[in-house]
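No value in this document is a laboratory result; all are computed from the given coordinates. Here the structure is a predicted model, which means the values were calculated and not measured.
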């Protein structure tokens, strides 16, 4: 999307215009940003690494949490 290099605040601002949920492996995002000010939910994926083989098992939980997560909320999976 050409967003490479954007800082968290700018990234969330752009993402809120196009998406309902922002997926990240950055466990510190919610401490670094006031997520409540953005019209997007944040879902933090907690896995051994950020490689696909470690994230893929979280897919069913991601879908479940995304079904009820509201803008401004932060959740973690698992």
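Estimated purely from DSSP H runs of n ≥ 4, each contributing -39500 (n - 2.57), the mean residue ellipticity at 222 nm for the chain is -8500 deg cm²/dmol once divided by its residues.
Against the longest alpha carbon principal axis of the chain, how many degrees, from 0 to 90 and to the nearest 10, is the axis of helix 8-18 turned? Its long axis makes an angle of about 90 degrees.
Evaluate 2.2 N^0.38 Å with N set to the residue count of the chain, then give the Cα radius of gyration divided by it. Output field value: 1.06.
Measuring nothing but how far apart in sequence close Cα pairs (under 8 Å, 6+ apart) lie, relative to its length, the chain scores a relative contact order of 32 percent.
In a fully extended conformation the segment linking residue 68 and residue 13 would gain 17.7 nm over its present Cα-Cα distance, using 0.36 nm per residue.
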